[in-house]
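Below is one structure; the comments refer to it alone.
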Amino acid sequence: MHLVVDAANVVGSRPNGWWRDRPGAAARLVDQLAAALRSGTLDSPVTVVLEGSARAGVPAESRPEPRLRVVHADTDGDSAIVELVRALAANACSPVAITADRALRTRVITAGGTVCRPSWLLARLRDLAQQQSAQSTSRDDGAQRGHYDEVPHVHEQPGMDNAGGQVAHQLHGMEQRQRLDH
């Protein structure tokens with residue numbers, strides 16, 4: 001599995017003032033993803049696609065963590081995401097795009113990928129931040145990385161909001177196997 005993050009859509013899904021500092025919001029997202037990979041909260045390789053002014057927040061092709069890559073979209077982010085998904089699918093990398101954009105979801109599925117909503121990713125980042133906060137206030141509390149029983153909302157076919165149950169189950173199973181491998 002390889003996550004392809006629509007940074008504009010993920011950042012834009014939270015009304016936290018990101019629009020006042022798009023480059024800063026992109027940099028914070030990339031930092032959170034790197035921390036999630038280092039902690040094991042995310043186990044899969046991640047590619048973040050930045051577009052527009054958000055590109056100024058993180059250098060192109062930067063790798064703040066070995067399994068994290070940042071790509072600057074030359075034109076629009078959606079087209080860059082679809083091309084990445086197509087290339088990953090051709091190499092049997094099981095691409096999963098993180099976006100809530102309906103038109104992009106359809107294009108990703110047509111290109112051979114699956115889709116998860118930003119809430120799936122943001123829940124993991126939020127849990128990690130809470131764990132880090134708890135650990136910094138009490139080093140002896142034995143806080144452990146959370147387990148995720150919730151399966152991400154994945155779309156298998158365009159226009160069918162809950163068609164991805166089987167794919168979601170497979171995605172959840174891949175996550176569990178990857179955790180056991182570490």
Sparse-neighbourhood loop hits (GluC sites (Glu not before Pro), the range 14-123; DSSP loop; Cβ within 10 Å at most 10 others) -> 61
Expressed in nm to one decimal, what extension gain is obtained for the pair residue 75 and residue 20 from 0.36 nm per residue of sequence separation less their Cα-Cα distance?
17.6 nm
Just flag the trypsin sites (Lys or Arg not before Pro) in the range 1-73 sitting in loop per DSSP whose Cβ has no more than 14 other Cβ atoms within 10 Å.
none
Taking amide H positions as placed in the peptide plane 1.01 Å from N, state which residues far from residue 14 in sequence (5 or more) or on other chains have amide H under 5 Å from it.
none
Alpha-carbon centroids, the range 19-88 and the range 109-133: separation in whole Å
13 Å
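Values in this text are rule-based calculations from the coordinates and carry no lab data. Please read these numbers as outputs of a predicted model, since none were measured by experiment. Methodologically, a virtual Cβ is constructed for each residue, glycine included, from the backbone with ideal geometry; neighbour enumeration extends over all protein chains shown.
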